[in-house]
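**Student:** This is the structure I want to talk about, given as C-alpha cells.
The values are calculated or read from the model by the stated rules, or taken from the named source; none is laboratory data. Keep in mind the model is a prediction, meaning the values are calculated, not measured. Note: ideal-geometry Cβ built from the backbone for every residue, glycine included; neighbour counts use all protein chains shown. Accessible surface is based on the protein model in full, side chains and every heavy atom, while ligands, DNA and RNA are left aside. Shrake-Rupley method; radii C 1.70, N 1.55, O 1.52, S 1.80 Å.
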There are 2 protein chains.
Amino acid sequence: MFTSLPGFREFYPEECAVQNYIFDKWRQLALRFGFQEWNAPVLESLELFTEKSGEEIVQQLFNFEDKGGRKVTLRPEMTPSLARLVAARANAIRRPVKWFAIGENYRYEKQQRGRLRAFYQFNADILGEASPAADAEIIALCAEALRAFGLETQDFRVRLSDRTLWFLFLESLGIPEQTAVPLLSVVDKLERLPPEDLLKAAASALAGTACDAGQVIESVRAFVAFDSLDKLEAFFASRSDTLGGKIRERLGEWRALLNILGAMGLANFLSLDLTIVRGLAYYTGFVFEVFERSGDGRALAGGGRYDALVKKLGGPDMPAVGFGMGDVTLANLLKDKGLFPVYSAAVDFYAIVLAPECRPIALADVAALRHSGMRVEYSFKDGKFGKLIQAAEQAGARHVLIYGPDEVAAGVVKIRNTQTRTEQLVPRTSLMEQLCAIKSTPT
Amino acid sequence: MFTSLPGFREFYPEECAVQNYIFDKWRQLALRFGFQEWNAPVLESLELFTEKSGEEIVQQLFNFEDKGGRKVTLRPEMTPSLARLVAARANAIRRPVKWFAIGENYRYEKQQRGRLRAFYQFNADILGEASPAADAEIIALCAEALRAFGLETQDFRVRLSDRTLWFLFLESLGIPEQTAVPLLSVVDKLERLPPEDLLKAAASALAGTACDAGQVIESVRAFVAFDSLDKLEAFFASRSDTLGGKIRERLGEWRALLNILGAMGLANFLSLDLTIVRGLAYYTGFVFEVFERSGDGRALAGGGRYDALVKKLGGPDMPAVGFGMGDVTLANLLKDKGLFPVYSAAVDFYAIVLAPECRPIALADVAALRHSGMRVEYSFKDGKFGKLIQAAEQAGARHVLIYGPDEVAAGVVKIRNTQTRTEQLVPRTSLMEQLCAIKSTPT
C-alpha cells in the first residue's frame, strides 16, 4: 500500500475543511487591511534562494536539476519571489505595495511537532514605505490574524525587537560594524547556549577587535534586561554624543510604532523583548516573533523589516517589511483550545426516489435547487423507503425530499424532517420557496 | 534580474483574483452537488505514478531523488493520490464517496497555448458506485462547472463515448480481448494519422490475429459515424447472439445515463462521439471530453470511469468515475469571451489624517471598522489634504474619511465621496452605522 512521503500531509475532508477555515480567515482579514493577494510558482531557480540566504540553505531544500538542466528547488519561502515580482514592475505598481499570499513551502528538515517538510504560510508584506507606520500595519495584521480565530491576550504575545537599535547599541560598546552581524548570531543563542560555549562563540565573533568577550556578554545581558521603552529611554537619556542622538531618534520611532499599535487597541498583545534578533541576516530594522503564552510556548509567526533585499535580488532600492505565519502550529494551538468550528459535510437537502418513473421529476428539482445555490444530494438508486431514508440520514441531511409515485402523481413533494420525523406535503410549484424558508430556519 | 521558470506562472494581484474567481466557482458548485473537498501532497513517491501509468510517464515528470534517497516527483495528476487516500480508509468512509479537489499539477512538457508546466485542475470523483447514475452525476457537475461561468450550449459540448461499448464492438469484429487496448490507441489517432500510417498502426496492433487491418478500419469508421443512441440501437437491434444481448444491455445503460442528464436539463450540451476513446489505458467505461465549440476547439475537461485503479494501487475492488478540468484553457476562453468580472482592488474606505494629534482617533476608528468586516486603508503619513486625497483616489476608494484637527475637536468625521466630491460630517458615535449604510448603497 502506498503512503505519503514523511513530513507531507494528506487532507481528508475534515482536515481540508480545517485548512479552508484557516485560509479563509487569513484572506478575509488581509483584504480588510487593504492587502491584495498574489501568488508565485512553488518551483523556482535555486539561485533565487542562495542569492538571498547563502549556499548553506541548500542542505534544507528539495532541490534538483530538471530535464532541461536547470538547477531548481521547491521554494522554502515566498519572500524572494515577492521581491522578484515587485522588482520587475517597480515603476508601475502603486506604493506602498500591500500584498499577501497563502502558499505552501517546503524544507527538508527533521520532523518534529509543529515542524513538517511541507507547510502553508500566510505572508503579508508592505514594500515602498520606510516609516514605522508600515511596521505597525504589519504587526497589527499579524496580531489580528490570530485574534480572528478567537485567540486573545492570554493566548499569545508579540515580542518586539529592533536590529537597528541593536547595531547602535553594539556601536556604543565599540564593536566595529562588520562584527555586529556575527555577534547578533551569538546573541540569538544567548538563552540556549551554556555560559562557556557562549563565551567561546562571542570571542570567536569578536576576534580581531579590541573588545573583551566577557564584558560584551555582560553588557548584552544588561541590555536585553530592558523590557520597556521607558527604561530604554531613561538609560540612553544622558548620552550626549552623536551616537546618543541617533539612539534617541530611533527610540522616537519606537514611540511612534507603539503609539500606532496602542491606538489600534493592541498594546496588551505586545512586549519589548530584545533577545529576539531573528537569525536571518537580511533583517534590517524592527523584528518580531509571536509566541503562544500557554503550553510549550510555540512560535506562531515572525517577521520584520528587510530594506536591502529587493535591491539585492536585482530590483530598485525599496524598503520592505513583512511577516510569515505557519498553519501547522496555529492549527495545533486552535485544536488544543477547542477553537475549531464543528465540521459538517451535511447537505441542505437529500432527495430520495422510490420508483424509476419518479426520477425525471426528482432530478429536475435537484438541478433547479442546486442552481439556486442549495446543497443537494440524491439517491443514485431507486429502492425501498427505509433503506433510502437511512442513507439520507447517514449523509447528515436534516431534511429529505421524498419522490414516490403518489407524490409525483399529485404534483407534490413530501418533505421529511429527519430529527422530528415529521412530514409535510408541498406543491412542486412552491417547492423552492418552501425550501428557502426551511433552510433559513435555525436548528 | 531573476525570472520564473519556463511554463510556470506568476500571479500579480489581477491574475490572482482571476484564479480565486475560478476556484471559488468550482468550489461552490461542487459543494452544491454534495461533494467534499480533499487535498494531497504536491510531492509523492515516483512509484505511485509509474504503477498507474507505466515507466514512460517519467519523461514527462519533474522527478528527482530527495536528500533521503527517495525517488519522488511533483505530481502530474491527483487521481493516484485520491485512490491511495480512499483505499486507506475504504471501510470507514461512507459510500458513494463524492470528493473534489483543486490542486496544481506539474508536467515537464513542451509549452504551447493552453499548455503550461504547472497548471491547476479541478478534480471531482465518485467512488463506490458502479451505476450510470454516478457517471451522470460526474458529467452533470462537469457541465455545470462551465455553465457557472456563463458558458452555454453555443460555447461548449460534452462529447460522450464508452470504452465498454468499444470493447464489445471490437469483440463483434472478432478481435481478441488482449488486442483491444492497443487497437483503441490506434482508434485514438483515427482523425490525426494519414490513411497509410493508420493502416500500418492497425496492422501492427492486429499482428498475430486473423483480422484484416483494412477491414477493421472500415468497420471502425462506420461505427464512429453513429452520432446518436437511436442509430446505435437500430444497428444492434437484430443481432441475436449473446454478444448482441450484452451490447443491448450496455445501450440500456446509455439510455439511463442520457435520461438522467436530460432530466437535469443538460441534453443540449451532449453529443455522442465514439471517436473519443481517451488515450489512457486505465479508463474502463463511459468516457467524455469537453470541447470549446467556437475558436480553435480547445479541450476544456475530460474524464470517465476507471473501475480498476483503486485495486491496482493496493485498495479494495472499488468502482470509480471522475473528471479533471484545467484552469489554463478555461481562463483563456473566459478572457476571450469577456466573461471575467472587472478586477477591483478598491477598499471600502480610505482614512486620511491631516495632523499627528488626529492619528490616534483615526486609527481607533480604522481598527473598529476593520473588525466590523469593512475594507479600510489609511494614510501612513500625515500631510496636506490635496496630496492625501490624491493617494486615496489612486487607491480606488469611493469614500474618504477625513480626520483633521477641526473634525477631531468637534467629535465628527468628514466623509467625502470621491466621485461626486460631496462631503458630509458624521458624529463619530454614529460612524459605523453611517458607513454601513453608505457601503450597502449601490454605486
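**Student:** List, please: which pairs have Cβ atoms under 6 Å, are six or more places apart or on different chains, and start with a residue in the range A:21-34 that is in the same structural domain as A:Trp99 (by TED's automatic domain parsing) and among the aliphatic types (A, V, I, L, M) and end with one that is at pLDDT below 95 and assigned to a helix (DSSP H, G or I)?
**Tutor:** Correct list of pairs: empty, since none qualify.
**Student:** If I ask for residues that are in contact (Cβ under 8 Å) with a residue 40 or more places away in the chain and surrounded by 17 or more Cβ atoms within 10 Å (Cβ to Cβ), which ones from the range B:227-245 would you list?
**Tutor:** Across the range B:227-245, the qualifying residue is only B:Leu232.
**Student:** Could you list, in sequence order, the residues of the range A:111-122 that are more than 13 Å from every other protein chain (Cβ to nearest Cβ) and under 12 Å from the mean Cα position of the chain (by Cα)?
**Tutor:** Once the filter is applied, which keeps residues that are more than 13 Å from every other protein chain (Cβ to nearest Cβ) and under 12 Å from the mean Cα position of the chain (by Cα), the range A:111-122 yields A:Gln121, A:Phe122.
**Student:** Report whether or not B:Arg428 is open to solvent by 30 Å² or more (accessible area, probe 1.4 Å) and touching a Ser or Thr at 6+ places or on another chain (Cβ under 7 Å).
**Tutor:** no
**Student:** Would you be able to say whether some residue in the range A:341-358 is surrounded by fewer than 23 Cβ atoms within 10 Å (Cβ to Cβ), under 17 Å from A:Leu435 (Cβ atoms) and at pLDDT below 95?
**Tutor:** So far as the range A:341-358 goes, yes, one or more of its residues are surrounded by fewer than 23 Cβ atoms within 10 Å (Cβ to Cβ), under 17 Å from A:Leu435 (Cβ atoms) and at pLDDT below 95.
**Student:** Limited to the range B:188-210, what total is found for residues that are assigned to a loop (DSSP other than H, G, I, E, B), in contact with a Leu (Cβ under 8 Å, 6 or more places away or on another chain) and open to solvent by less than 80 Å² (accessible area, probe 1.4 Å)?
**Tutor:** So the count comes out to 2.
**Student:** Can you tell me which residue in the range B:292-301 is most open to solvent (accessible area, probe 1.4 Å), limited to those that are more than 12 Å from B:Glu152 (Cα to Cα) and either touching a residue at least 40 places away in the same chain (Cβ under 8 Å) or hydrophobic (A, V, I, L, M, F, W, C) (or both)?
**Tutor:** If we take residues in the range B:292-301 being more than 12 Å from B:Glu152 (Cα to Cα) and either touching a residue at least 40 places away in the same chain (Cβ under 8 Å) or hydrophobic (A, V, I, L, M, F, W, C) (or both), then B:Gly295 is most open to solvent (accessible area, probe 1.4 Å).
**Student:** Let me ask something else. For the range A:412-425, enumerate the residues that are assigned to a loop (DSSP other than H, G, I, E, B) and either open to solvent by less than 30 Å² (accessible area, probe 1.4 Å) or touching a Pro at 6+ places or on another chain (Cβ under 6 Å) (or both). Steps first, answer last, please.
**Tutor:** Looking only at the range A:412-425, we keep the residues that are assigned to a loop (DSSP other than H, G, I, E, B), and these are A:418-422.
Correct list: A:Thr418 only.
**Student:** Scan the range A:335-349 and give yes if some residue there is in contact (Cβ under 8 Å) with a residue 40 or more places away in the chain, farther than 17 Å from B:Ser131 by Cα, at the interface with chain B (Cβ under 9 Å from one of its Cβ atoms) and of a type in the set (Ser, Thr, Tyr), otherwise no.
**Tutor:** No, that holds for no residue.
Residue-wise test of (1) open to solvent by 10 Å² or more (accessible area, probe 1.4 Å); (2) under 15 Å from the mean Cα position of the chain (by Cα).
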| residue | (1), (2) |
| --- | --- |
| B:Phe100 | no, yes |
| B:Asn105 | no, yes |
| B:Glu109 | yes, no |
| B:Glu129 | yes, no |
| B:Glu137 | no, no |
| B:Thr153 | yes, no |
| B:Ser161 | no, no |
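**Student:** Right, next: Being more than 26 Å from B:Thr441 (Cβ to Cβ) and in contact (Cβ under 8 Å) with a residue 24 or more places away in the chain is the filter; apply it to the range B:355-380 and report the residue that is nearest to the other protein chains (Cβ to nearest Cβ).
**Tutor:** B:Arg359
**Student:** Taking the range B:94-132 as the region of interest, how many residues are touching a residue at least 60 places away in the same chain (Cβ under 8 Å), outside any strand (DSSP E or B) and out of contact with any Lys or Arg (no Cβ under 8 Å at 6 or more places or on another chain)?
**Tutor:** Total satisfying the criteria: 3.
**Student:** Filter the range B:64-76 down to residues that are more than 8 Å from every other protein chain (Cβ to nearest Cβ) and crowded, with 20+ Cβ neighbours inside 10 Å and give me whichever is nearest to A:Thr73 (Cα to Cα).
**Tutor:** Looking at the filtered set, the residue picked out is B:Thr73.
**Student:** Can you find a residue in the range B:86-98 that is closer than 24 Å to B:Ala145 by Cα, of a type outside the set (S, T, N, Q), at the interface with another protein chain (Cβ under 10 Å from one of its Cβ atoms) and surrounded by fewer than 20 Cβ atoms within 10 Å (Cβ to Cβ)?
**Tutor:** Yes, because at least one residue in the range B:86-98 is closer than 24 Å to B:Ala145 by Cα, of a type outside the set (S, T, N, Q), at the interface with another protein chain (Cβ under 10 Å from one of its Cβ atoms) and surrounded by fewer than 20 Cβ atoms within 10 Å (Cβ to Cβ).
**Student:** Going through the range A:7-19 one residue at a time, which ones are at the interface with chain B (Cβ under 7 Å from one of its Cβ atoms), without any contact (Cβ under 8 Å) to a residue 40 or more places away in the chain and in a helix (DSSP H, G or I)?
**Tutor:** Residue satisfying the conditions is A:Cys16 alone.
**Student:** Hey, another quick one. Tell me which residues, restricted to the range A:224-251, are of a type in the set (A, V, I, L, M) and under 19 Å from A:Phe286 (Cβ atoms). If you could, list the steps in order and put the result at the bottom.
**Tutor:** If we filter the range A:224-251 for residues that are of a type in the set (A, V, I, L, M), which is where we start, we get A:224-225, A:229, A:232, A:234, A:237, A:243, A:247, A:251.
Matches in the range A:224-251: A:Val224, A:Leu229, A:Leu232, A:Ile247, A:Leu251.
**Student:** Would you be able to tell me the number of residues in the range A:379-411 that are in contact with a Phe, Trp or Tyr (Cβ under 6 Å, 6 or more places away or on another chain) and either open to solvent by 30 Å² or more (accessible area, probe 1.4 Å) or modelled with pLDDT of 95 or more (or both)?
**Tutor:** 3
**Student:** I've got another one for you. For the structure I just gave you, tell me whether A:Ala213 is in the same structural domain as A:Ala133 (by TED's automatic domain parsing), buried (at least 19 other Cβ atoms within 10 Å of the Cβ), without any contact (Cβ under 8 Å) to a residue 40 or more places away in the chain and under 35 Å from the mean Cα position of the chain (by Cα).
**Tutor:** no
**Student:** Would the range A:257-270 turn up any residue that is open to solvent by 40 Å² or more (accessible area, probe 1.4 Å) and touching a residue at least 60 places away in the same chain (Cβ under 8 Å)?
**Tutor:** Yes, that holds for at least one residue.
**Student:** Now a separate question. Within the range A:24-56, restricting attention to residues that are more than 9 Å from chain B (Cβ to nearest Cβ) and open to solvent by 30 Å² or more (accessible area, probe 1.4 Å), which residue is modelled with the lowest pLDDT?
**Tutor:** A:Ser53
**Student:** Looking at (1) surrounded by fewer than 16 Cβ atoms within 10 Å (Cβ to Cβ); (2) under 26 Å from A:Lys98 (Cα atoms), which is the one condition that is false for A:Ala222?
**Tutor:** Of everything listed in (1) surrounded by fewer than 16 Cβ atoms within 10 Å (Cβ to Cβ); (2) under 26 Å from A:Lys98 (Cα atoms), A:Ala222 misses just condition (2).
**Student:** Just one of A:Ala222, A:Ala213, A:Ala234 is small (Gly, Ala, Ser) and farther than 21 Å from A:Leu251 by Cβ; which is it?
**Tutor:** Selected residue: A:Ala213, the only one of A:Ala222, A:Ala213, A:Ala234 that is small (Gly, Ala, Ser) and farther than 21 Å from A:Leu251 by Cβ.
**Student:** I would also like to ask the following. Has the range A:388-411 got at least one residue that is at the interface with chain B (Cβ under 9 Å from one of its Cβ atoms), assigned to a helix (DSSP H, G or I), touching a helix residue (DSSP H, G or I) at 6+ places or on another chain (Cβ under 8 Å) and not small (Gly, Ala, Ser)?
**Tutor:** No, every residue in the range A:388-411 fails to be at the interface with chain B (Cβ under 9 Å from one of its Cβ atoms), assigned to a helix (DSSP H, G or I), touching a helix residue (DSSP H, G or I) at 6+ places or on another chain (Cβ under 8 Å) and not small (Gly, Ala, Ser).
**Student:** Looking at (1) surrounded by fewer than 16 Cβ atoms within 10 Å (Cβ to Cβ); (2) among the hydroxyl-bearing types (Ser, Thr, Tyr); (3) assigned to a helix (DSSP H, G or I), find the lone condition where A:Thr329 falls short.
**Tutor:** Failing condition for A:Thr329: (1).
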